[in-house]
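The values are calculated or read from the model by the stated rules, or taken from the named source; none is laboratory data. Note that the structure is a prediction, hence the values are computed from the model and not measured. Heads up, the Cβs are rebuilt from the backbone with ideal geometry, glycines too, and the neighbour counts pull from every protein chain shown. SASA here: full protein model, heavy atoms, side chains in, ligands and nucleic acids out. Shrake-Rupley method; radii C 1.70, N 1.55, O 1.52, S 1.80 Å.
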Amino acid sequence: MHLRRLAVADFRSWERAELDLEPGVTVLVGSNGVGKTNLVEAIGYLATLGSHRVATDAPLIRRGADRAIVRGLVVNQGRELGVELEITPGKANRARVNRAPVARPRDVLGILRSVLFAPEDLALVRGDPGERRRFLDDLLVARFPRFAAVRTDYERVLRQRSALLKTARAGGDLRTLDVWDGHLARHGAQLLAGRLDLVVGLAPLAEAAFAEVAPTSDPVTLAYRSSADAPGGELPQAAGELETLLLEQLSRVRRQEVERGVCLVGPHRDDLELRLGDGPAKGYASHGESWALALALRLASYRLLQADDVEPVLILDDVFAELDARRRRALAAVAARAEQVIITAAVSEDVPAELDGVRFAVGGGVVTRMATEPPGEAESNAS
């Protein structure tokens, strides 16, 4: 799988940009603030319908514009598919595949798959549980796009049930709460079952990757921590059993939820526990170890998708300057074998020599292919 062309209009700082891409390594070089990350963010949006930098779509629209357009031409298992996303604040986004409208934007999920490693990934280790839940759900959807609907349904039910609980403190009518308990347990069980299965596959890969990039550190372990208390401490794996467990837990905490006006049980309260040796990675890991663990999670994600016979596009956004020599080598070794890797860097020297490939200069609102032959033979690709 690879992206053959990217085009954006009114996306972030770009009024318009087009970039022709090839399999192998592509490096976008330019000073900070010139729009390199905006371009790889657009690629990530094509793959996930979300940004790795912001939680909402509004900041993605160029100031003064009404909407943003992101287009990609994807080569997937020998087929070329054109994907277009129209992002409009305050309105439903629209999507097209090969110029034909699709019913819902999430119908494009799976056409392009990507794994993106960026400075923001430190939040996976040092941030709150919501960062790690989002990481798990994004990876789950990348593997199995059908979980996008499960995730959306769960979030919708959670909002409705939470709103109902808030009315309880003002004497609201709670007669429908049992119905919402059933909806929450059903959708939550599906999401929870998907996450549990995901962690089974992800954990050994992440633990091995961390040992590779931080061999002198204590070993790292991953475990899923649920807000639901299972008998014996072991969560069931089947969605049906999980649904029963969630219903029991919701019944148990009903009084507390009504008193506090919040939903206390469900996947929205869970966490991916990261432990370094005998202690939690958050607070115990050094800066270098935190970087190594964030890198290990992304490398594990990449290898997990590869194990599913998917070759995702690997995106490395300004990370080599932050890594020491050992971690640079480990990341470069994986990147060198990728079908397509797209790298951003402030200066060319930040990119390991083994990742020699096509390079583009980004600056002044244009993207220009850098000369690899004598001057004068460079090709201008975009503006």
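Counting only the Cα atoms, the stretch 228-383 fills a convex hull of 225 Å³ per residue.
Run lengths n ≥ 4 of DSSP H only: what is the helix-derived mean residue ellipticity at 222 nm for the chain, with -39500 (n - 2.57) per run over all residues, to the nearest 500? Mind showing how you got there, number by number?
Details: 10 runs with 149 residues, N = 383.
Estimated from H runs of four or more residues: -12500 deg cm²/dmol.
Rolled with a 1.4 Å probe across the full set of protein chains, the surface gives PHE144 an accessible area near 60 Å². The calculated FRET efficiency for the pair ARG134 and THR88, based on their C-beta separation and a Förster distance of 35 Å, comes to about 0.90.
When only Cα pairs below 8 angstrom with a gap of at least 6 residues are kept, the chain shows a relative contact order of 24 percent. Remark: spin-label model distance ALA230-ALA346 equals 4.6 nm, labels positioned 7 Å along the Cα→Cβ axis. Close amide-amide hydrogen proximity is noted between VAL27 and ILE343, VAL358, ARG359, PHE360, each under 5 Å apart and 5 or more residues distant or on a separate chain (H modeled in the peptide plane; Pro and chain starts excluded).
I'd like to check one number: the per residue accessible area of the chain, probe 1.4 Å, reported in Å² as a whole number.
Values: 17540 Å² over 383 residues.
Each residue of the chain exposes 46 Å² on average to a 1.4 Å probe.
How much of the accessible area of the chain, probe 1.4 Å, is carbon plus sulfur, in whole percent? Display every interim value, and only then the final one.
Values: 8310 of 17540 Å².
Here it works out to 47 percent.
ASP218 to ALA163: extension gain in nm, 0.36 nm per residue of separation minus the Cα-Cα distance? List each step's numbers first, then the result.
Values: separation 55, 0.36 × 55 = 19.80 nm, distance 4.42 nm.
Full extension of this stretch gives 15.4 nm more.
Can you tell me the FRET efficiency between LEU122 and ALA208 if r is taken as the Cβ-Cβ distance and R0 is 22 Å, rounded to the nearest 0.05? Write out the running numbers ahead of the final one.
Values: r = 21 Å, r/R0 = 0.95.
With R0 = 22 Å, the Cβ-Cβ based efficiency is 0.55.
Note on ARG16 and GLU259: the model spin-label points, each 7 Å out from Cα along the C-beta direction, lie 6.3 nm apart.
Is the stretch 1-135 rounded, prolate or oblate when judged by the Cα gyration tensor, a ≥ b ≥ c being the square roots of its eigenvalues, rounded requiring a/c under 1.5 and prolate requiring a/b larger than b/c? Verdict is rounded for the stretch 1-135.
Near ALA228, the amide H atoms lying under 5 Å from its own belong to GLY266; only residues 5 or more places off or on other chains count, and H is placed 1.01 Å from N. Along the axis of the charge dipole computed for the chain (Cβ charges of +1 for Lys and Arg, -1 for Asp and Glu, origin at the Cα centre), the listed residues ILE315, SER226, GLY171 are led at the positive end by GLY171.
For the stretch 83-224, what's the relative contact order in percent, using C-alpha pairs closer than 8 Å and at least 6 residues apart?
This gives 14 percent for the stretch 83-224.
Calculated on the alpha-carbon coordinates, the convex hull of the chain measures out at 155 cubic angstrom per residue.
Relative to the longest principal axis of the Cα atoms of the chain, the long axis of helix 325-336 lies at roughly 80 degrees.
In a shell of Cβ-Cβ distance under 12 Å around ALA214, excluding ALA214 itself, what net charge do Lys and Arg (+1) and Asp and Glu (-1) give? Walk me through the numbers before you get to the answer.
Working: positive: ARG326, ARG327; negative: GLU207, GLU212, ASP218, GLU289, ASP324.
With Lys, Arg at +1 and Asp, Glu at -1, the neighbours total -3.
Taking the 0 to 90 degree range and rounding to the nearest ten, how far is the long axis of helix 177-213 tilted relative to the main principal axis of the chain, both from C-alpha atoms? Rounded to the nearest ten degrees, it is 40.
For the stretch 22-159, calculate the relative contact order in percent as a whole number, restricting contacts to Cα pairs under 8 Å that are 6 or more residues apart.
16 percent.
Peptide packing: for 173-184, 16-27, the average count of neighbouring Cβ atoms within 10 Å per residue gives the ranking 16-27, 173-184, highest mean first.
For the chain, a crude dipole built from +1 on the beta carbon of Lys and Arg and -1 on the beta carbon of Asp and Glu, taken about the Cα centre, is about 1280 debye to the nearest 20.
For ASP308 and VAL97, compute 0.36 nm times the residue count separating them, minus their Cα-Cα distance, and round to one decimal in nm.
Values: separation 211, 0.36 × 211 = 75.96 nm, distance 2.38 nm.
My answer for the length gained is 73.6 nm.
The simple spin-label model puts a point 7 Å past each Cα toward its Cβ; for ALA65 and ALA333 those points are separated by 4.1 nm.
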